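As structure tokens, the structure follows; a few thoughts come after it.
None of the figures in this text is laboratory data; all of them are computed from the coordinates on show. Treat the numbers as computed from the prediction; the structure is a model and nothing was measured. A quick note on method: Cβ atoms are made from the backbone with ideal geometry, for glycine too, and the neighbour counts reach across all protein chains shown.
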Amino acid sequence: MSDSSTSIGQQSRTALSQGSPAISSKKTRIAMTGATSLLGRNLLFEIFKENIHDLDRLELILLGRAKESQALRDRVREMVCEMSEMVSPDELSHILDYCAHRVIYVDSELTEPYTKIDSHSLHQLQRAPIDFFFHLAAISNFRDTPAVRELLHRTNIEGTLNTLELIRELKVGEYCYTGSAYVCGTTTGKIYPDYINLDQPFHNPYELSKLKAEILVREFGTATGVRCRIFRTSTICGRLIEPPLGGVSKYDVFYGWAAFWLRMKASVLGGWSDIYTRPCALDARICYRAAGGFNTVPVDFAAKAMYQVCLQNDPGQSYHLVNDQETPHAMHIPAMLNTVNVEGTSQCETIPVDLNETEAAYYRVLGKTFTPYMTSAPMDFDTDSIRSVLNKSRLRCPPVDAANFQILMEFAKQHDFGVEHN
């Protein structure tokens with residue numbers, strides 16, 4: 001896997017040098033929100049890798065905020081160190097120096113209007129045209145509570161509107177919005193990347209918030225003439241092209257599913273000592289469609305594909321960043337339970353009525369959110385609009401099959417699936 005994965009990244013760079021429209025002689029300006037998110041950091045890594053020998057012609061503007069008293073500049077430096085296996089030591093040192101002295105950091109809060117940005121930073125944004133403005137910042141929360149709905153509205157919808165209002169004050173060539181493939185709600189079958197239906201049922205408020213934000217972007221593009229691209233991603237997983245394979249910084253969705261069983265096991269065993277080597281039987285009937293699966297896309301592939309669309313000046317607007325094939329539930333669910341060494345569970349097609357204590361905890365904490373996805377009929381996300389881009393860059397999405405899923409599990413296991421414990 002390691003050899004072939006490396007060759008894919010090399011082929012992408014070779015394709016650019018042999019005729020894909022790369023960065024021109026003029027300085028290219030790229031602005032980005034959400035640079036420290038899982039997808040954001042991988043897009044940032046891709047930008048650095050593709051321009052490692054031309055950083056003098058790249059101006060990067062990152063909009064974000066401090067977190068837990070750590071400045072955005074320091075967060076980015078810490079994050080870029082994750083690139084140590086992707087580039088040579090000299091190249092990494094070059095990138096770190098660039099981040100320290102050349103990157104423009106704009107202190108901004110997504111939920112606040114652009115007028116809150118200080119005048120110096122606003123001038124930095126306005127002083128020259130921005131070629132690509134990537135808006136990746138968002139909240140991913142699948143729960144349905146008043147507090148979550150309010151947070152989703154302020155961050156995903158109003159936050160997107162705030163960036164669009166900022167764009168009105170700038171000269172922007174392309175505005176690239178990252179949405180969700182699941183804005184299709186409960187619709188199944190063939191789904192196109194520009195499919196919009198506000199009247200359909202949604203699994204949760206998150207899906208609806210992302211669709212409403214996307215509509216704002218589409219309307220903005222029509223009204224202003226600014227070129228707007230929509231990238232809809234399916235479930236994002238760890239890297240399967242760039243090292244470290246399996247690398248991920250956010251342990252949600254199916255990682256969070258495995259983390260639940262890890263916590264349950266630690267509770268039963270009375271601690272975390274030898275947590276993976278000691279088996280634990282948990283009596284639970286897990287509801288999922290045995291013949292079904294879910295779509296998960298490696299984060300490095302999604303970042304590469306998104307950047308290639310822009311570099312190649314593709315004429316399209318709407319794109320699915322998804323896998324060509326689903327990952328079967330009958331494979332990945334047992335694989336996750338096996339990774340955390342939990343025994344005694346069984347599959348069922350409908351949620352049991354007579355729940356035992358373990359099952360009650362599962363369906364209260366996770367089942368309500370994930371079961372609708374785990375029992376859904378197939379969603380066939382159409383990828384025709386991005387096919388030519390992938391072909392030109394010789395990119396293909398790694399299948400999240402049994403072998404690759406185990407790579408994801410091994411990396412997550414090394415980090416306890418993001419669970420903090422003593």
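Between Ala360, Ala259, Ala305, the Gaussian network model of the chain with springs among Cα atoms under 10 angstrom shows the greatest mean-square fluctuation at Ala360. The 3J(HN,Hα) values that the Karplus relation (6.51, -1.76, 1.60; θ = phi - 60°) gives for the range 219-233 are, in residue order, 5, 4, x, 5, 6, 9, x, 5, 6, 10, 10, 10, 10, 9, 9 Hz. Gly and Pro appear as x.
If you place +1 on the Cβ of every Lys and Arg, -1 on the Cβ of every Asp and Glu, and leave all else neutral, what size is the dipole of the chain about its Cα centre, to the nearest 20 Debye? Walk me through the numbers before you get to the answer.
Working: 42 positive and 50 negative charges, 147 e Å.
Dipole about the Cα centre, nearest 20: 700 debye.
Taking amide H as placed 1.01 Å from N in the peptide plane, the amide H of Ser318 sits under 5 Å from that of Ile230, each at least 5 places away or on another chain. With 0.36 nm allotted per residue and the present C-alpha distance subtracted, the Glu410-Gln317 stretch has 29.8 nm of extension available.
Among the listed pairs Lys67/Lys250; Lys250/Lys413; Lys265/Lys413; Lys49/Lys304; Lys67/Lys413; Lys304/Lys392, those with a Cα-Cα distance over 20 Å are Lys67/Lys413. Sequentially through the range 302-316, phi angles give Karplus couplings (6.51, -1.76, 1.60; θ = phi - 60°) of 4, 5, 4, 5, 4, 5, 5, 4, 6, 4, 7, 6, 4, x, x Hz, Gly and Pro residues having no value and appearing as x.
Compute the distance from the alpha-carbon center of the range 230-287 to that of the range 392-410, in whole Å. Each part reduced to its Cα centre gives a spacing of 17 Å. Close amide H contacts of Tyr175 (hydrogens built in the peptide plane, cut-off under 5 Å, sequence separation of 5 or more or a different chain): Phe133, Arg227, Cys228, Arg229. When only alpha carbons are used to place a centre, the range 34-103 and the range 355-376 end up 39 Å from one another. Remark: spin-label model distance Asp194-Arg278 equals 5.8 nm, labels positioned 7 Å along the Cα→Cβ axis.
So for each of 124-137, 381-394 I average, over its residues, the number of other beta carbons within 10 Å; can you give me the resulting order with the highest mean first?
Numbers: 124-137: 19.7, 381-394: 17.2.
Packing order, densest peptide first, comes out as 124-137, 381-394.
So, counting K/R as plus one and D/E as minus one, what does the shell of residues with Cβ under 10 Å around Ala71 add up to? Charge balance in the 10 Å sphere: +3. 3J(HN,Hα) couplings calculated from phi for the range 238-251 with the Karplus curve 6.51 cos²θ - 1.76 cosθ + 1.60 (θ = phi - 60°) are, in sequence order, x, 5, 9, 10, 8, x, x, 4, x, x, 8, 10, 9, 9 Hz; Gly and Pro show x.
Expected output is a single nm value to one decimal: the length gained when fully extending between Thr115 and Ser388, i.e. 0.36 nm times separation in residues minus the C-alpha distance. What is it? Don't skip to the end; give the middle numbers.
Details: separation 273, 0.36 × 273 = 98.28 nm, distance 4.00 nm.
Fully extending the segment from Thr115 to Ser388 adds 94.3 nm.
FRET efficiency for the Glu343 to Asp252 pair, using the beta carbon distance and R₀ = 30 Å, is estimated at 0.75.
For Met379, nonlocal amide neighbours, meaning residues 5 or more places apart or on other chains whose placed amide H falls under 5 Å from its own, are Gly189. For the range 291-329 and the range 164-214, write down the distance between their C-alpha centroids in whole Å. If we compute the Cα centre of each part, the gap is 15 Å.
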